[in-house]
Amino acid sequence: MNERVYNNGIERLRSQERIERLEVDRVVDLCLSQSKIISVLDVGTGSGLFAESFSKRNVKVAGIDVNPEMLEAAKKYLPGSEFKLAPAESIPFENNSYDMIFMGVVFHEVDDYKKVLEETERVATRQVALLEWDYKTQEFGPPLEHRLKPEFVEQLSKDAGFTSFQIIHLSNLVLYLLKK
């Protein structure tokens, strides 16, 4: 199992402190303000925290995760949505099946960054949104060696075929918007 995969409990993923630190509502609003998004695939959905926020804005959501316990939790919060057990490197959906792919503080955990971006580019019709930890030492989040430099993410996005790359700096995180 990947040592970078979050496994510290579902309840901690939904703590008020974490929701505020991740700026969930602001992030979702930023993602939806970029273009007309009516469907989102939440890759690495965890307990469905971001998927739930998208759903509250009348967006059709689905999710994938490598942890079956997380998927069960997500299904409890979003019983009408589709959730599948799958890694980000092998998204089990057809080409161009979601307007946007969203990955909330999970891209740094994947095994193959290039493959993940190729998969997200394949499945998204409009854009991919990567919410990630800022590349600096902080008292929370993963250690610096697990964080990604913005230049690295930008080069990966170009290599995967995205035509536009935008960085939005938040209080503790960065939101990368990759457009097709």
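The values are calculated or read from the model by the stated rules, or taken from the named source; none is laboratory data. Just so we're clear, the structure is a prediction, and the values are computed from it rather than from any experiment. Here the Cβ is made from the backbone with ideal geometry for all residues, glycine too, and neighbour counts use every protein chain on show.
For the reader, a short list of remarks on this structure follows.
- Scanning the stretch 147-167 for residues being in a loop (DSSP other than H, G, I, E, B) and under 26 Å from Arg21 (Cα atoms) gives a total of 3.
- Residue ID - surrounded by the fewest Cβ atoms within 10 Å (Cβ to Cβ), chosen from residues in the stretch 154-167 that are without any contact (Cβ under 8 Å) to a residue 40 or more places away in the chain and over 26 Å from Phe140 (Cα atoms): Thr163
- Qualifying residue in the stretch 168-176 (condition: surrounded by 21 or more Cβ atoms within 10 Å (Cβ to Cβ), touching a residue at least 24 places away in the same chain (Cβ under 8 Å) and more than 22 Å from Arg21 (Cβ to Cβ)): no
- Cβ-Cβ under 6 Å pairs, at least 6 apart or on other chains, the stretch 133-151 side under 17 Å from Leu175 (Cα atoms), far side among the aromatic types (Phe, Trp, Tyr) and modelled with pLDDT of 95 or more: Gly141/Trp133; Arg147/Trp133; Arg147/Tyr135; Lys149/Tyr135
- Restricted to the stretch 1-54, and to residues there that are aliphatic (A, V, I, L, M) and loosely packed, with under 14 Cβ neighbours inside 10 Å, the residue that is modelled with the highest pLDDT is Ile38.
- Test for Val128: is it within 20 Å of His169 (Cα to Cα) and touching a Leu at 6+ places or on another chain (Cβ under 6 Å): yes
- Residue that is surrounded by the fewest Cβ atoms within 10 Å (Cβ to Cβ), among those in the stretch 91-133 that are assigned to a loop (DSSP other than H, G, I, E, B) and of a type in the set (Asp, Glu): Glu94
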